[in-house]
Amino acid sequence: MFKVKQMVTSLESEILECLKSKGEIVTYTVAADLFYEGQIPVVAYLVLDGHIHFLKGRTIKETITGGNLVGAKELMSNTHAIMSAQIMPKTQVCFLSKSDIHEILEEENELAEQLDQIINF
Amino acid sequence: MKKIVLFLSLDEELMNQSKNITKHLNLDEAEIHLFHCHKVQVYMNELSVYSYPTSDQYPEMEKATNSVLEQFAKEAGFKNYKCHTVFDSDPKDRAVKYLEDIKGGLAVVATKGASGFEGLFESSFASYLKKFSPADILILRPTRD
């Protein structure tokens, strides 16, 4: 549980609404691997609806739902994911690329402050 | 020798516009890096998740793109140049990284001009470079008629 918490941040609805306007929203129709243990995520995933499983090997250690940001710290600091993440069908996520996050952080507003805290926590 | 990175789109209009770099700079003493990044897209259907291009398509695409860049360099009259074709899901970030890696002295990018309401929006690539490029930037705007 503790390990998953390192990779996932629960967001307030206001922050989530602001963030989702900054990236590309996708609804997965099939289960898919988002990233593997040991890999640096290609983007950060803002979970809007549905479920994402975190796995160590083949064992599901934790499942998260909408309202969470996944992999932002790893993406921005180029660190390896400590678990694999698998997205379930009908899950809606917003992809936030490194450049999207850089642009948000560049703005001097509350969203930038909040995101900065999340990434540097 | 100053390293100048020319970020090229494969759009014909923008490539022609990029040739205007020779009107602004003396390139005799510069090393020109012609850089193009193909965006890697992830998409899905009912059966699976795909990314395009796939990694086995990279060599062929790299070869084809580099030949376009080579042709461009010849037409522009460049002498000391290098072609770099890369693949990334985040071309803007990759461009900034490239400038940092080679310690680029100048970034050059062509943008499509827009008038009126469209003019309120500028190229997001050029806009990103303006904020995060470690090097100075030359933006090549279209010639006015």
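The values are calculated or read from the model by the stated rules, or taken from the named source; none is laboratory data. Fair warning: this is a prediction, and the values are worked out from it, not measured in the lab. Virtual Cβ from ideal backbone geometry, glycine too; neighbours counted across all protein chains shown. Surface accessibility is based on the protein's heavy atoms, side chains included, excluding ligands, DNA and RNA. Shrake-Rupley method; radii C 1.70, N 1.55, O 1.52, S 1.80 Å.
Summary table
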{"item": "Antiparallel DSSP beta bridges within region B:1-57, as percent of all bridges there, nearest 5", "result": "40 percent"}
{"item": "Pairs of Cα atoms farther than 22 Å apart, the protein assembly as shown, %", "result": "62 percent"}
{"item": "Percent antiparallel among DSSP beta bridges (both partners in the protein assembly as shown, rounded to 5)", "result": "55 percent"}
{"item": "Bins of 5 Å from zero: percent of alpha-carbon pairs in chain B", "result": "2, 9, 18, 21, 20, 14, 9, 5, 2, 1, 0"}
{"item": "Peptide-level mean, for A:22-30, of C-beta atoms on other protein chains within 10 Å", "result": "2"}
{"item": "Solvent-accessible ranking of B:CYS37, A:CYS94, A:CYS18, largest area first, probe 1.4 Å", "result": "A:CYS18, B:CYS37, A:CYS94"}
{"item": "Estimated [θ] at 222 nm from DSSP helical runs (n ≥ 4, -39500 (n - 2.57)) normalised by residues in chain B, nearest 500", "result": "-10500 deg cm²/dmol"}
{"item": "Rounded to 5, percent antiparallel among DSSP beta bridges of chain A", "result": "100 percent"}
{"item": "DSSP H segments from chain B that extend 15 Å or more along their own axis, Cα-based, with Kyte-Doolittle mean of -1.0 or above", "result": "B:58-76, B:91-102"}
{"item": "Chain B: relative contact order as a whole-number percent, Cα under 8 Å and 6+ apart", "result": "32 percent"}
{"item": "Sites B:THR54 and A:LEU105, calculated FRET efficiency, Cβ-Cβ separation with R0 35 Å, nearest 0.05", "result": "0.60"}
{"item": "Accessible-area value, B:LYS39, 1.4 Å probe, nucleic acids and ligands omitted, Å²", "result": "100 Å²"}
{"item": "Longest segment of chain A lacking GluC sites (Glu not before Pro) that sit in a DSSP loop with at most 13 other Cβ atoms within 10 Å", "result": "A:13-106"}
{"item": "Neighbourhood net charge (13 Å Cβ-Cβ; Lys/Arg +1, Asp/Glu -1) for A:ASP100", "result": "-1"}
{"item": "FRET efficiency estimate (nearest 0.05) - Cβ-Cβ, B:HIS24 to B:LYS130, R0 25 angstrom", "result": "0.90"}
{"item": "Heavy atoms of A:THR59: accessible area, 1.4 Å probe, square angstrom to 10", "result": "80 Å²"}
{"item": "Descending semi-axes in Å of chain A, equivalent ellipsoid built from Cα gyration tensor", "result": "22, 16, 12"}
